[in-house]
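Asks: The structure that follows is given in the form of structure tokens.
The values are calculated or read from the model by the stated rules, or taken from the named source; none is laboratory data. Just so it is clear, the model here is predicted, and its values are computed rather than measured. Virtual Cβ from ideal backbone geometry, glycine too; neighbours counted across all protein chains shown. Heavy atoms of the whole protein, side chains included, go into the accessibility calculation; ligands, DNA and RNA do not. Shrake-Rupley method; radii C 1.70, N 1.55, O 1.52, S 1.80 Å.
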Amino acid sequence: MELIDGNLIAESILAQTAAEVTKIAGRKPTVVFVRVGEDPASVSYVAKKQKTAAQVGMQARLELFPESTTQAELLAKIDQLNLDPLVDGILVQSPLPKHMDETAVFNHVSPDKDVDGFNTLNIGKLVQEDADGFVACTPAGIIELIRRSKVETDGRHVVVVGRSLIVGKPVGLLLLQKGLSGNATVTFCHSRTRDLPSITRQADILIAAIGRPRFVTADMVKPGATVIDVGINRVPDVTKKTGYRIVGDVDFDAVAPLASRITPVPGGVGPMTVAMLMSNTLKAWRKHHA
């Protein structure tokens, strides 16, 4: 069993991005993070993204709004950022408060500044295999993990457990594409799939993105499969100072002995998401300076 080290691969991508940013004379790529409310996970994620942007030499700033902000007020701020020539990328941190329509907010971000890849136009470009668009960071990171770990996808059967617009659907579309790290046969599964283990056991590459702790068990995995665990779940653990520990969607201890390759949680897909955000921000800067 080989452990796929997401930290190591992410560091390599960030080093490449930093080297490119160093070459830029004048204004560096600039990303604005928009956060509404004080959700602890969101606070942590945005702080990590800001820190990483600084590490690669990019400019980053935070636009912070109280939970009581109306959707109209948030859209007005996004309008300002869309028109600001000094802003290359915009990321609206999810989840948003329940009184907001996340899809409407994501679609309000200019497609050329949509470094999160959630705008309808960018999703359409993904379907059309148009490399000009932005791909959501976690799916893009999964593809880089697969490619840099030399996992063969051509003709292989990939099973994706999860159908979200953030991970499941886009990663399946990427693996379907013609070319490098594509040409796979992709099956999408979800919580309503009948006899799920009989399908997941067919996977040469199994991607778990269903958001349930340790959901994928040993009886669901074909021996020798590559297992990509996208889950980040908090479970109680009295031995930790925080009172919880982070686990994935895969029962790692039971599944790892069966797998040829597997990503850990933490330290697998998570670091890749931030690394690909920096890559997308550099791409956005290039779009504005073409």
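Asks: Would you mind pulling out the separation of the Cα centroids of segment 175-228 and segment 72-120, in Å?
Replies: Centre-to-centre distance over Cα atoms comes out at 32 Å.
Asks: Let me ask another. Over its Cα atoms, what ratio of radius of gyration to 2.2 N^0.38 Å does segment 1-117 give?
Replies: Scaled against compact globular proteins, the figure is 1.17.
Asks: How would you order 102-111, 76-85 from highest to lowest mean count of nearby Cβ atoms within 10 Å?
Replies: 102-111, 76-85
Asks: With springs connecting C-alpha atoms under 10 Å apart, model the chain as a Gaussian network and identify which of I199, I123, I24 has the largest mean-square fluctuation.
Replies: I24
Asks: A further question on this structure: Restricting to DSSP H runs of at least four residues, report the calculated mean residue ellipticity at 222 nm for the chain, -39500 (n - 2.57) per run over all residues, nearest 500 deg cm²/dmol.
Replies: -11500 deg cm²/dmol
Asks: If I model segment 44-184 as equal point scatterers sitting on the Cα atoms and use the Debye formula, what is log10 I(q)/I(0) at q = 0.12, 0.16, 0.17 Å⁻¹?
Replies: These q points yield log10 I(q)/I(0) values of -0.57, -0.95, -1.04.
Asks: Another question, if that's okay. Please compute the Kirkwood hydrodynamic radius of segment 95-144 from all pairs of different C-alpha atoms, in Å with one decimal.
Replies: 11.4
Asks: Tell me the net charge near A140. Cut-off is 11 Å between Cβ atoms, A140 excluded, with +1 for each Lys or Arg and -1 for each Asp or Glu.
Replies: 0
Asks: Sorting check: for 267-275, 53-61, which peptide has the highest mean count of neighbouring beta carbons within 10 Å, and how do the rest follow?
Replies: So the peptides 267-275, 53-61, ranked by packing, come out 267-275, 53-61.
Asks: Would you list the P(r) distribution for the chain, with all Cα-Cα distances sorted into 10 Å bins from 0 and each bin expressed as a whole %?
Replies: All Cα pairs, binned at 10 Å, distribute as 6, 28, 34, 24, 7, 0 percent.
Asks: Another question about this same structure. Percent of Cα-Cα pairs per 5 Å bin, from 0 to the last occupied bin, for segment 1-67, please list those.
Replies: Histogramming segment 1-67 at 5 Å steps yields 3, 14, 21, 19, 16, 13, 9, 4, 1, 0 percent.
Asks: Want the number for R27 to V235: 0.36 nm per residue separation, take away the alpha-carbon distance, what's left?
Replies: The R27-V235 span can extend by a further 70.6 nm.
Asks: Between T185 and R245, what is 0.36 nm times their sequence separation minus the Cα-Cα distance? Round to one decimal in nm.
Replies: Full extension of this stretch gives 18.1 nm more.
Asks: What FRET efficiency comes out for Q59 versus R194 if R0 is 35 angstrom and r is the Cβ-Cβ distance? Round to the nearest 0.05.
Replies: It comes to 0.10.
Asks: Send over a whole-number figure in Å² for the accessible area per residue of the chain, probe 1.4 Å.
Replies: Here the residues of the chain average 47 Å² of exposed surface.
Asks: Also, quick follow-up: Could you give the length gained by full extension between K48 and Q80, i.e. 0.36 nm per residue of separation minus their alpha carbon distance, to one decimal place?
Replies: 9.1 nm
Asks: Moving to a separate point now. Using alpha carbon centroids, what distance separates segment 121-137 and segment 1-25, in Å?
Replies: 22
Asks: Would you tally the net charge around D5, using a Cβ to Cβ cut-off of less than 12 Å, leaving D5 out, and scoring K and R as +1, D and E as -1?
Replies: Around D5, the surrounding residues sum to 0.
Asks: Provide the net charge surrounding G243, with neighbours chosen by a C-beta distance below 15 Å and charges set as Lys +1, Arg +1, Asp -1, Glu -1.
Replies: +3
Asks: Still on this structure, please answer the following. Using the basic label-point model (7 angstrom from Cα toward the beta carbon), what is the K98 to L165 distance in nanometres?
Replies: 2.0
Asks: On to the next question. If you consider only alpha-carbon coordinates, what radius of gyration and Dmax does segment 126-182 have, in Å?
Replies: 10.6, 28
Asks: Using the basic label-point model (7 angstrom from Cα toward the beta carbon), what is the Q128 to A290 distance in nanometres?
Replies: Distance between label points: 1.2 nm.
Asks: Ignoring ligands, DNA and RNA, what percent of the accessible area of segment 66-148 is carbon or sulfur (1.4 Å)?
Replies: The computed percentage sits at 56.
Asks: Now, a different point. Cα axis of helix 71-83 to longest principal axis of the chain: angle in degrees, 0 to 90, nearest 10?
Replies: That helix lies at roughly 70 degrees to the long axis.
Asks: Once every Cα of segment 176-216 carries one equal point scatterer and solvent is ignored, give the base-10 log of I(q)/I(0) from the Debye formula at q = 0.27, 0.33 Å⁻¹, two decimals.
Replies: Summing over Cα pairs of segment 176-216 leads to -1.05, -1.29.
Asks: Across segment 206-222, in residue order, what do the Karplus-derived ³J(HN,Hα) couplings come to in whole Hz, using 6.51 cos²θ - 1.76 cosθ + 1.60 with θ = phi - 60° and x for Gly and Pro?
Replies: 10, 10, 9, 9, 9, x, 10, x, 6, 5, 7, 9, 4, 6, 9, 10, 6
Asks: Using a Förster distance of 25 angstrom, determine the FRET efficiency expected from the C-beta separation of K178 and T120, and round it to 0.05.
Replies: Efficiency for this residue pair is about 0.60.
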